[in-house]
Amino acid sequence: MNEGALTVRIHVVENYPELSLRAAGIVASQVILKEDTVLGLATGSTPEEMYRELAQLHREGKVDFSRVTTFNLDEYRGLDPGHPQSYHYYMRQHFFDHVNIKPENIHIPPGQGADIPTICQDYEQQIAAAGGIDLQVLGIGVNGHIGFNEPGSHLQTETHLVDLTAETIKANSRFFSTPKEVPRQAITMGMGSIMQARRILLLASGKSKSAAIRDTLGGRVTTAVPASFLQLHRRVILLLDREAAALL
Ligand code: GLP
């Protein structure tokens, strides 16, 4: 493992259930320590079990989300909040419907609406007005994207509209009945919005993420691997299962 100049803390656990328990423990601790925590939240299959564990901790009376504020990373462009593949729907289904977060404290970029610049600016302003993100949970795309900040010649700092890469459309087509149904665009928090979080917790599970994780920690910061920027953040935890860590 190349631990040269890393400021990133790496925790490797055996498997996905363990990763989920550990991730839920970290998020729950954050909320217990600071009741009015601002959480940055991610979607995708990776955090699903973490959300289930958090809901369980809430049911057991161990975590109270009533003062928590949340900001999701991204949303597909063109899907209404009731669409089963929208991230609005995902978040209700996996988390919000099972805990006591106040609806007015939940923020997800809108997938619809014509005035994109205003939508994006408003989102940034809402994050700032909430005092910034205390703990940002991230997954990672097979191509090293975080949120929907796709590899390319440049990365944008603030919330913006993005064209999804063919690789991401393919990877995410498993959630849709046909690849054609996968939206081609999304609104995502930018790299700057993510990097401003006080702490970052990135989760990766499975072999398909091992190359992206290797490149995230490769000692080079490059727009070809957006997650590699995390090497510049001072408080990042990478929580990996053995398969995701296999190439370190
Ligand atoms: C999507 C989301 C990302 C997520 C990634 C990986 O593209 N925009 O936030 O990290 O998928 O998803 P999964 O966890 O399903 O592999």
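Order the following by accessible area, largest value first: Lys62, Lys207, Lys102. Probe radius 1.4 Å; ligands, DNA and RNA are ignored.
Values: Lys62 120, Lys207 145, Lys102 90 Å².
The most accessible residue leads, giving Lys207, Lys62, Lys102.
Does the stretch 138-248 come out rounded, prolate or oblate, given a ≥ b ≥ c as the square roots of the eigenvalues of its C-alpha gyration tensor, rounded meaning a/c under 1.5 and, failing that, prolate meaning a/b above b/c? Judged from the Cα gyration tensor, the stretch 138-248 comes out oblate (a/c at least 1.5, b/c at or above a/b). Its Cα centre serving as origin, the stretch 32-152 has a Cβ charge dipole (Lys and Arg +1, Asp and Glu -1) of approximately 220 debye. Of the residues Ala129, Gln30, Thr216, the one whose Cα sits farthest towards the positive end of the charge dipole of the chain is Thr216 (charges of +1 on Lys and Arg Cβ, -1 on Asp and Glu Cβ, taken about the Cα centre). Its Cα centre serving as origin, the chain has a Cβ charge dipole (Lys and Arg +1, Asp and Glu -1) of approximately 520 debye. Rounded to the nearest percent, how much of the accessible area of the chain (1.4 Å probe, protein heavy atoms only) is carbon and sulfur? In the chain, the share of accessible area belonging to carbon and sulfur is 50 percent. In the elastic network of the chain, a GNM with C-alpha springs shorter than 10 Å, the most mobile of Gln30, Gln126, Gln136 is Gln126. Taking a sphere under 12 Å around the Cβ of Tyr89 and counting the other residues whose Cβ falls inside, with K and R at +1 and D and E at -1, yields a net charge of -2. Calculated mean residue ellipticity, 222 nm, the chain: -8500 deg cm²/dmol, from DSSP H runs (n ≥ 4) at -39500 (n - 2.57) each, averaged per residue and rounded to 500. Using the 1.4 Å probe convention, the accessible area of the chain works out to 45 Å² per residue with neighbouring protein chains retained.
From the square roots a ≥ b ≥ c of the eigenvalues of the alpha-carbon gyration tensor of the chain, which class results: rounded (a/c under 1.5), prolate (a/b over b/c), or oblate? Judged from the Cα gyration tensor, the chain comes out rounded (a/c under 1.5). When only alpha carbons are used to place a centre, the stretch 153-184 and the stretch 46-100 end up 21 Å from one another.
Here the Gaussian network model covers the chain, with springs between Cα atoms less than 10 Å apart; of Ala227, Ala128, Ala42, Ala128 fluctuates the most.
For the set Arg67, Arg199, solvent exposure ranked by accessible area (probe 1.4 Å, protein chains only) runs largest to smallest as Arg67, Arg199.
The values are calculated or read from the model by the stated rules, or taken from the named source; none is laboratory data. Remember, predicted model here, so these are calculated numbers, not experimental data. Here the Cβ is made from the backbone with ideal geometry for all residues, glycine too, and neighbour counts use every protein chain on show. Surface accessibility is based on the protein's heavy atoms, side chains included, excluding ligands, DNA and RNA. Shrake-Rupley method; radii C 1.70, N 1.55, O 1.52, S 1.80 Å.
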